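Working notes for the structure below.
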Amino acid sequence: MVEFAIVLPLVVTLVAGTVAVGRLHDTQVVLRSAARNGARTLALGADPATAAAAVARSAPFTIDQVSLAPCPASGGGDATVTLAERVGVGVPFLGLGTRTVRATGVMSCPG
């Protein structure tokens, strides 16, 4: 029983850490996909509001920060979408708080 009491906090911390890393990774994958969809929408000539809507549709949560850089008026160049989301990392005994996950999507503009 004493061994269990010694090992239990370590096991709980490892399991919670694994879940936290999984949440961070899942958020990163979602943000990358949403940024890529938004950049593609901008590169195809849509206005920033339409691209922001495409980003919002691509994520199952509301994204904290969205930055859109549409194609230059002269043509060519790149359309860029940068996203950031704060994710809570609840790992017992470590007190990691929250982390910011960022993703950027870039697509070439026709021209």
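Nothing in this text is a laboratory measurement; each read-out follows from the coordinates by a stated rule. Here the structure is a predicted model, which means the values were calculated and not measured. Glycine gets a Cβ as well: all are built from the backbone with ideal geometry, and neighbour counts include every protein chain shown.
Overview of results
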read-out: Sorted by Cβ neighbour density within 10 Å, fewest at the top, the residues 109, 71; value: 109, 71
read-out: Fewest-first sequence of 40, 57 by Cβ atoms within 10 Å of each Cβ; value: 57, 40
read-out: FRET efficiency estimate (nearest 0.05) - Cβ-Cβ, residue 10 to residue 87, R0 35 angstrom; value: 0.90
read-out: Gyration tensor (alpha-carbon) shape descriptor, the chain, a/c threshold 1.5; value: prolate
